[in-house]
1. Every residue in region 5-32 that is within 22 Å of Leu68 (Cβ to Cβ), open to solvent by 60 Å² or more (accessible area, probe 1.4 Å) and under 16 Å from the mean Cα position of the chain (by Cα), please.
2. Only one residue in Leu29, Leu68, Leu4 is part of a loop (DSSP other than H, G, I, E, B) and free of Cβ contacts under 8 Å to residues at least 60 places away in the same chain, so which one is that?
3. If you scan region 35-70, which residues turn out to be open to solvent by 40 Å² or more (accessible area, probe 1.4 Å) and either touching a Phe, Trp or Tyr at 6+ places or on another chain (Cβ under 7 Å) or charged (D, E, K, R) (or both)?
Amino acid sequence: MAELKLAQIERIMRKAGAQRISAEAKEALREILEEIALEIAGLAVEIAHHAGRKGVQAEDIKLAAKQLLG
């Protein structure tokens, strides 16, 4: 089940300048964003565990995103 709502995706796309957005485009972006978010979250958990913590902190997320996205 999708975690992000299509209305949220549409708002993001409109902020980026899109005037018309197909349902397929919204669904495609949602799938991609959720996949990226899962990868970042998973790496952040690994980073937290490596640091000896059970809880994930904002810095873990930022570091994971930097490592995955450059």
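The values are calculated or read from the model by the stated rules, or taken from the named source; none is laboratory data. Predicted, not measured: the structure shown is a model, and the values here were computed from it. Because the Cβ atoms are built from the backbone with ideal geometry, glycine has one as well, and the counts that use them run over all protein chains shown. SASA here: full protein model, heavy atoms, side chains in, ligands and nucleic acids out. Shrake-Rupley method; radii C 1.70, N 1.55, O 1.52, S 1.80 Å.
1. Gln8, Ile12, Glu31, Ile32
2. Every option except Leu4 fails the conditions.
3. Glu35, Glu39, Glu46, Arg53, Lys54, Glu59, Lys62, Lys66
The rows are residues; the columns are (1) touching a Leu at 6+ places or on another chain (Cβ under 6 Å); (2) modelled with pLDDT under 95; (3) under 30 Å from Glu10 (Cβ atoms); (4) charged (D, E, K, R).
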| site | (1), (2), (3), (4) |
| --- | --- |
| Glu31 | no, no, yes, yes |
| Ile36 | no, no, yes, no |
| Gly42 | no, no, yes, no |
| Gly55 | no, no, no, no |
| Lys62 | no, no, yes, yes |
| Leu68 | no, no, yes, no |
